[in-house]
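None of the figures in this text is laboratory data; all of them are computed from the coordinates on show. Every value quoted in this text rests on a predicted model; they were computed, and no experiment measured them. Here the Cβ positions follow ideal geometry from the backbone for every residue, glycine too, while neighbour counts run over all protein chains shown.
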């Protein structure tokens, strides 16, 4: 009896432990550290419409921003596309806010952006 017990103890420690097969999921993107952290949080605030945007639409910036915002809108997951309409921000964002929004979307939703 003790031999069987000893064999079972030895084999239980020597066999690899395999996972149950459950799916761990993708997880949430990590928030950057350092000065990129401020850029990330500004982009998040713009995305969640927590930042006051300029009310008069600047026509000179509107066309250029609309193209960039259309690309970001198309790259969002369907649930987010229904929640937020980024092209509505065209002409109302500063260059800093637009860069931060692009940075936030690229990190949060894993969107590859072209280098400027």
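At a glance:
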quantity: Order of 81, 39, 112 under a 10 Å beta carbon neighbour criterion, fewest first; calculated: 112, 81, 39
quantity: Added length on full extension, which subtracts the Cα-Cα distance from 0.36 nm per residue, residue 88 to residue 66; calculated: 7.1 nm
quantity: Residue list for the stretch 88-116, given a label point 7 angstrom along the Cα-to-Cβ vector of residue 54 and an amide N cut-off under 13 Å; calculated: 90-98
quantity: Convex hull of the stretch 32-108 built on C-alpha atoms - directionally averaged projected area, nm²; calculated: 4.8
